[in-house]
Structures are given as C-alpha cells and as structure tokens.
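Report on the following structure.
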C-alpha cells in the first residue's frame, strides 16, 4: 500500500499532533506500507487562485509551477491519504488547507451523479478507491471539538471519490505529552500503532482503537485549572506568548 501523509502541523515533530501521527506511521510501515511524509510547512505551495486553468485551459495541470506539481502525482498514486493537522479555528491548519485546495487538477471539471449527488470524477480511473484518514489533536478537553473537522474530511473524501476510513483524534493533547512515559500514554500510543497495522490489513480503523486514542487522561475541571494556572504564570513572568503553545498547541 502506498501512503502519503500530509503533516499540516506548523510545529512538525514538536507539535502534539505528531504524538499520534508517529506511532500510526510506525504501524503502517510495520505492515509493509510505503509511506511518504509531506511536511506542509516546508514546501512552497501558493493558495489556489480559482482561475480554472487546471480545468479548462490546460486540464489536469496548474499554472503556478510550484511544489504542488511534484506532489500531485504522489497524491494521485496513493492508496491512502493521511491528513494530519491540529484543530485551528474549528478546521485544519492553513498549511494543510492550502495543499488540499490545490488538488483540483486531479478532478475532472465535468459532473457525474454518485449516490444521487453531483460530484466531479477523478481523472485517473482506478478499480480500487483510495482511502482517507484524519489524524488530529486539539488543546480543548472535549472530543466534540473535532466534529467540524471530521465533517470536512468526510466531505472531501466524498468529493474526491475516496473512502473515509476513520479518524485518530487526541483531545487535551498537552496532557498526553506531559504523561508521555506513563502507562496511560503508552496505551494511547499502542492504539495509534495498532490503527496503522489495522488499516493496512482491513482498510478501516476499528472504533475500539479510535476510542482508546481519544481516552480521557484527566478530568475536565483539573485540566482547566492546571492549564489556566500555567498560562497565568507565564503572563506574570512576562514570558513570550509562544510558550503558551507548550500546553495548548496541537
């Protein structure tokens, strides 16, 4: 299985999203998958200008001539897309969104009916539909903070004629980093690794693994109180605002 990972965290391996993404990728590779990791913050991709060049003037190509030209065939040939991003304003990061906005050349401008709904067909027809998995983390305690992002990824999969194969969601992710060497954290990491093995084997992420990855690690009141105390201590010391990211960045 060919897998392409879009790591949309601006903080890359220092971000909390990587805590789940890393063992998930380990599981994929252990299962024999060929995994390409695209670090969105490191590549030069301009926002889509909506000029329809890739649809009408030169179908399947883009006029911008940036790094997206090399990424499009990688995405087109992948059996699995992994979109990894922290939750920013109820959605994905700007870096990941810019890449996803630029996948239009993979689609035909014509319409087809799929499931009673207008969709654009993929230019490359394949007997096997690619799958899409979301990996995300957020600084808020509740899991429902991921709902808008999950809805977005499901819609993206439908429009790109892909199968949404599941989501690995880590709320109050800073606690996982703080408890990194604990038994509780080890169970989360093991579930993420098992999810990589399972999707390579069955094409789906079992609900039990998704639930384990999102497991409550601290009660909500304790989380609010400790997070506020930490932030207030930074403010009192006049520390740079970026240090707040050590607890809240995803």
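The values are calculated or read from the model by the stated rules, or taken from the named source; none is laboratory data. For clarity, every value in this text was computed on a predicted model and none was experimentally measured. Don't worry about glycine lacking a Cβ; one is built from the backbone with ideal geometry, like all the others, and counts go over all protein chains shown.
When the criteria are applied in full, residue 8 meets the requirement of being farther than 21 Å from residue 200 by Cβ and surrounded by 15 or more Cβ atoms within 10 Å (Cβ to Cβ). Looking only at region 1-29, count every residue that is touching a helix residue (DSSP H, G or I) at 6+ places or on another chain (Cβ under 6 Å) and over 16 Å from residue 102 (Cα atoms) and tell me the total. Final tally of qualifying residues: 12.
Among the residues making up region 43-59, those that are under 20 Å from residue 10 (Cβ atoms) and either surrounded by 10 or more Cβ atoms within 10 Å (Cβ to Cβ) or touching a helix residue (DSSP H, G or I) at 6+ places or on another chain (Cβ under 6 Å) (or both) are 43, 45, 46, 47, 48. Of 6, 20, all but one fail to be in a helix (DSSP H, G or I), at pLDDT 95 or above, in contact with a strand residue (DSSP E or B) (Cβ under 8 Å, 6 or more places away or on another chain) and on the phi < 0 side of the Ramachandran plot; the exception is 20. Residues that are over 21 Å from residue 190 (Cβ atoms) and part of a helix (DSSP H, G or I) within region 23-59 comprise 40, 41, 42, 53, 54, 55, 56, 57, listed in sequence order.
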